[in-house]
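The values are calculated or read from the model by the stated rules, or taken from the named source; none is laboratory data. Every value quoted in this text rests on a predicted model; they were computed, and no experiment measured them. Every residue, glycine among them, receives a Cβ derived from its backbone with ideal geometry; neighbour counts consider all protein chains shown.
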Amino acid sequence: MIVLNYSHPITPAQQEQIVALVGQAIEQVIDIPSQIDQQQPLAPQIVAMADAAGLSAQQWQSEAILINLPALNFSAAALLAELHGRMGYFPPVLRIRPVAGFMPPRYEVAEILNLQVLRDEARTRRSQ
C-alpha cells in the first residue's frame with residue numbers, strides 16, 4: 001500500500017497501527033507539502049499537490065492508496081475531488097486523534113475511513 005501524507009509526519013507507531021487496521025504492508029509513505037498560498041486560486045495548487053505524489057495514471061487507478069488529508073478543510077475537500085477524478089472512486093483516509101493524557105500531545109490512528117463505502121451507503125438514503 002502507498003500512503004500519501006499531506007499532513008504531519010506519520011510516526012513508526014502510527015504506521016504499525018495502519019498496518020494492523022488495513023492488514024496490508026506499507027510499501028511507501030510519500031510526504032507531500034500541503035501549504036497553500038491563500039492569495040492564489042486553490043484549484044491549481046491542489047492539482048500540484050496531487051501531481052507531487054509522482055504516480056502514473058495506472059498507479060492512481062490500480063494501486064492500494066491511503067490518504068492522510070491536509071488539515072485545512074477546503075484543501076482537503078478539493079484534494080478529495082481531484083483524487084476521485086484520478087482514481088475513479090473516493091480513497092480511504094486516515095483519521096488521527098490525540099491520545100488522552102499525554103503532554104506533549106501524542107497522536108494515534110483512530111480509524112481508516114472508507115469514503116467510497118460511506119458514499120455508496122449514502123446513495124441508499126437519496127429517496128428517503
Checklist entry - With respect to V3, is the statement that it is more than 17 Å from F74 (Cα to Cα) and aliphatic (A, V, I, L, M) true? => result yes
Log entry, pairs with first residue in the stretch 36-55 being surrounded by fewer than 16 Cβ atoms within 10 Å (Cβ to Cβ), second being of a type outside the set (V, I, T) and part of a loop (DSSP other than H, G, I, E, B), beta carbons closer than 8 Å, six or more apart or on different chains, reads A52/P33
Among the residues of the stretch 94-128, the number that are out of contact with any strand residue (DSSP E or B) (no Cβ under 8 Å at 6 or more places or on another chain) and either among the basic types (K, R) or surrounded by 14 or more Cβ atoms within 10 Å (Cβ to Cβ) (or both) is 4
Just one listed residue, out of A110, A77, A71, is touching a residue at least 24 places away in the same chain (Cβ under 8 Å) and either outside any helix (DSSP H, G or I) or within 12 Å of the chain's Cα centre (by Cα) (or both), and it is A71
| Would the stretch 6-20 turn up any residue that is in contact (Cβ under 8 Å) with a residue 12 or more places away in the chain, exposed (fewer than 15 other Cβ atoms within 10 Å of the Cβ), acidic (D, E) and under 21 Å from V109 (Cβ atoms)? | no
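Give the residues of the stretch 47-68 that are at positive phi and either within 14 Å of the chain's Cα centre (by Cα) or in a helix (DSSP H, G or I) (or both), sorted by residue number.
Correct list: empty.
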Scanning the stretch 80-107 residue by residue, those modelled with pLDDT under 95 and either within 11 Å of the chain's Cα centre (by Cα) or among the basic types (K, R) (or both) turn out to be R106
